[in-house]
Amino acid sequence: MNENILKDPCYLNIGPFNCQINTNIQSVALNFSKIYDEHPRVDKNSFIDFKVNIKAPNTLRRYIKPTVSFLLDEQEPFKPLPASQGFAMLEWGLNWCIANHAHHLLIFHAAVIEKDGICVILPAPPGSGKSTLCATLVLSGWRLLSDELTLVSLKNGEILPVVKPINLKNNSIDIIKEHFPTSVFSSIAHDTHKGNVALLKPPKYSIKCINKNAKATHIIFPKYSKNSTLACEDIPSDEALIDLIKNSFNYHLLGELGFNALINLVRNTKAMRLTYSQLDDGINFFNSLINEYNHNN
Amino acid sequence: MNIITIIKSPKLVQNLDNKNWELVISQAKSSGLLGRLYYIFKQQNLLTYIPDSVIWHLESDYTISKHLRISCRREFFEITQALSNKNITPIFLKGAMYALRELPVCFGRRFSDIDVLVNKTEIEDAERELYFQGWFPQKKIDYDDKYYRQWMHEIPPLQHAKRRTVLDLHHNILPLTNKNHLPFEAFNIQCSSVENLGNIYSLSDLDIVIHSAVHLFTESDFTNPLRDLSDLDILIRYYSQREKDFVINLITRAKELNLWEYIRLALRYTHLIFDTPTGNIKSLKLDSKNWVQAQVQDFCFINIFKPNHSSCNTWKTKFAIFLLYWRGHLLRMPLRLLIPHLTRKSWMALKDTFTKEKEPNENMIP
């Protein structure tokens with residue numbers, strides 16, 4: 001790819017949104033081309049939803065304890081971060097853009113994956129191991145719709161993919177690199193608020209299906225628990241409903257439309273809690289859902 | 001391309017290309033007018049001309065303003081209930097009042113605080129009753145507290161401990177230190193009956209417009225100047241449609257309250273920027289008597305009543321902001337009080353940059 005976002009902006013499509021990405025930082029540009037080289041591009045005259053810039057200041061701060069800033073349009077919504085976190089800041093920033101603006105969608109803090117007609121939403125607060133589980137599944141044949149943001153259409157209840165790299169922390173980075181040696185990672189950002197962070201490039205197939213919506217069939221709340229055996233428990237709809245609301249970014253803003261979308265989502269899915277410690281057990285469990293679905297349909 | 005042109009002639013949206021739409025959305029967002037644009041297009045049946053890829057930006061902002069409007073109703077009940085314990089009837093002002101009464105100006109409009117007016121004699125009781133219901137002063141700094149209570153027309157903001165709503169409790173519409181300061185009894189109050197909410201007390205129609213004008217034209221830190229002027233445009237148009245002589249009555253009332261200058265500025269600039277119908281301009285003598293003052297005012301205000309965007313900002317904007325900063329402060333406080341006040345504030349701000357601990361970016365990191 002001849003693109004160089006240090007010189008010219010990149011007009012990127014990530015599913016439901018077109019983004020214009022700019023930076024004046026070498027490491028951000030390098031990571032960007034490594035992770036996003038297979039993502040679709042749009043014509044520069046297309047309508048751009050988010051104009052984003054990762055910038056190092058043009059002052060001494062560029063060299064002394066260097067920082068980076070995230071800009072959306074001309075506004076800087078957050079405080080600067082250390083320069084080594086530049087690419088991670090781009091990812092977090094884009095997630096923030098979507099979660100804070102896209103109120104034509106019901107948005108959950110959850111991963112969502114799909115395979116052979118089974119579409120699973122994995123809501124989980126930080127520390128539940130969701131991202132590691134999601135990365136494992138996605139590198140084992142499941143399609144990634146999103147790692148952080150589940151987008152539900154208020155019109156028809158479909159899940160809209162927003163395919164972006166998967167955010168992994170600390171030990172998870174090594175675990176995934178070991179299990180999947182061909183996986184592609186950004187450079188590691190050290191000493192972030194959450195420790196070491198790296199971004200995993202989504203597989204080609206996930207990127208290829210970037211505009212293919214899905215209908216959710218399962219809502220699974222994962223919980224990593226060291227040395228535990230795999231355990232799965234059905235949960236009643238009302239409990240699933242409350243827990244989904246707790247994991248929503250914008251349910252409280254959407255009034256009746258949000259309520260209806262949420263009710264329909266819960267009515268049309270099976271909700272479960274999953275406790276696990278071995279990733280292989282996790283993969284087998286999810287694959288078994290496909291067998292069960294095929295058997296019943 | 002400028003959103004002011006679009007507001008004046010919404011039908012222009014029929015011919016906008018992608019890059020023009022980007023500019024419109026961007027200017028509207030930074031000027032706090034995105035939701036209002038959606039409302040204007042909706043009212044004029046122009047939504048079908050807006051591409052799907054664009055419309056969600058407008059609709060989302062409108063959704064947020066709708067959420068604020070609905071949430072405000074709960075606050076209305078909580079606040080009136082708390083104050084009724086001491087037989088205090090709150091008078092609702094500005095954004096929250098527009099939303100509760102569903103005046104056209106409220107649709108697509110965001111507001112961050114709830115503004116309520118009570119008599120100064122009732123302030124202590126009001127503060128206490130609200131405190132019992134969980135409304136606490138926000139981050140109390142002794143100097144700020146003193147500034148508010150001694151000189152201003154409102155006490156320091158209160159915040160609900162659980163719901164995080166911010167409440168500004170006013171006892172006047174002008175600070176005590178403003179030379180045009182008026183007693184609470186000078187204002188006219190009206191009572192409107194709203195379905196499912198009951199009786200809502202607010203200023204009279206004329207006083208609502210005067211309050212909005214006074215608030216805008218005594219500002220020193222203009223956060224949303226174009227939005228605020230647009231509010232005045234919509235209010236004047238709305239009331240003029242219901243009452244033929246509204247503008248004339250507005251001028252009479254303003255002169256009665258000795259607040260004519262603020263209305264003069266409001267009428268002049270709404271007309272200049274938004275073509276607000278303000279009757280026969282010449283007969284109303286809207287220009288300032290002092291030619292030099294008029295030129296400076298025009299320079300400042302014409303440059304501030306623009307979209308807050310790089311496509312519109314020039315060196316003139318920065319200079320206008322500087323001049324208006326001083327103008328606003330001087331209007332609120334005489335020089336002998338202002339200089340020590342600003343010196344104190346600068347020193348406190350300087351101290352904070354060295355001693356205040358940096359907070360992590362909690363909003364951002366997953």
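Odds and ends about this structure:
Residue by residue, here is whether (1) buried (at least 19 other Cβ atoms within 10 Å of the Cβ); (2) within 14 Å of another protein chain (Cβ to nearest Cβ); (3) closer than 24 Å to A:Ser27 by Cα holds:
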| site | (1), (2), (3) |
| --- | --- |
| A:Thr59 | no, no, yes |
| A:Glu76 | no, yes, yes |
| A:Trp92 | yes, yes, yes |
| A:His101 | yes, yes, no |
| A:Glu114 | yes, no, no |
| A:Ser128 | no, yes, no |
| A:Leu137 | yes, no, no |
| A:Asp147 | yes, yes, yes |
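- Lone qualifier among A:Glu148, A:Glu114 - being out of contact with any Leu (no Cβ under 9 Å at 6 or more places or on another chain) and under 22 Å from A:Ala240 (Cα atoms): A:Glu148
- Residue within the range B:226-235 that is surrounded by 19 or more Cβ atoms within 10 Å (Cβ to Cβ), over 10 Å from the mean Cα position of the chain (by Cα) and either modelled with pLDDT under 95 or farther than 18 Å from B:Phe301 by Cα (or both) present: yes
- A:Thr132 under 28 Å from A:Arg273 (Cβ atoms), among the β-branched types (Val, Ile, Thr) and modelled with pLDDT under 95: yes
- The residue of the range B:16-52 that is farthest from B:Lys306 (Cα to Cα), among those that are of a type in the set (A, V, I, L, M, F, W, C) and within 12 Å of another protein chain (Cβ to nearest Cβ), is B:Ile50.
- For the range B:59-77, the count of residues that are crowded, with 21+ Cβ neighbours inside 10 Å, in contact with a Pro (Cβ under 6 Å, 6 or more places away or on another chain) and either aromatic (Phe, Trp, Tyr) or more than 14 Å from chain A (Cβ to nearest Cβ) (or both) is zero.
- Residues in the range A:9-46 that are within 14 Å of chain B (Cβ to nearest Cβ) and within 16 Å of A:Ile166 (Cβ to Cβ): A:Ile14, A:Gly15.
- For B:Asn196: the one exception among (1) in a helix (DSSP H, G or I); (2) modelled with pLDDT under 95; (3) of a type in the set (S, T, N, Q): (1)
- The range A:130-143, residues that are closer than 22 Å to A:Thr269 by Cα, in contact (Cβ under 8 Å) with a residue 60 or more places away in the chain and of a type outside the set (Val, Ile, Thr): A:Lys130, A:Leu133, A:Leu137, A:Trp142, A:Arg143
- Exactly one residue among B:Ser9, B:Ser84, B:Ser112 is more than 26 Å from B:Arg128 (Cα to Cα), more than 12 Å from chain A (Cβ to nearest Cβ), of a type in the set (Gly, Ala, Ser) and surrounded by fewer than 18 Cβ atoms within 10 Å (Cβ to Cβ), and that residue is B:Ser9.
- Within the range A:61-74, being part of a loop (DSSP other than H, G, I, E, B) and facing chain B (nearest Cβ under 9 Å) holds for A:Asp73, A:Glu74.
- Filter pass, B:Ile339 being modelled with pLDDT under 90, surrounded by fewer than 17 Cβ atoms within 10 Å (Cβ to Cβ) and not in a loop (DSSP other than H, G, I, E, B): yes
- Filter result (more than 9 Å from every other protein chain (Cβ to nearest Cβ), out of contact with any Pro (no Cβ under 6 Å at 6 or more places or on another chain) and assigned to a helix (DSSP H, G or I)) within the range A:78-90: A:Ser84, A:Gln85, A:Gly86, A:Phe87, A:Leu90
- Residue tally, condition closer than 28 Å to A:Leu151 by Cα and crowded, with 16+ Cβ neighbours inside 10 Å, over the range A:61-74: 5
The values are calculated or read from the model by the stated rules, or taken from the named source; none is laboratory data. Keep in mind the model is a prediction, meaning the values are calculated, not measured. Neighbour counts are summed over all protein chains in view; Cβ atoms, including those assigned to glycine, are modelled from backbone coordinates with ideal geometry.
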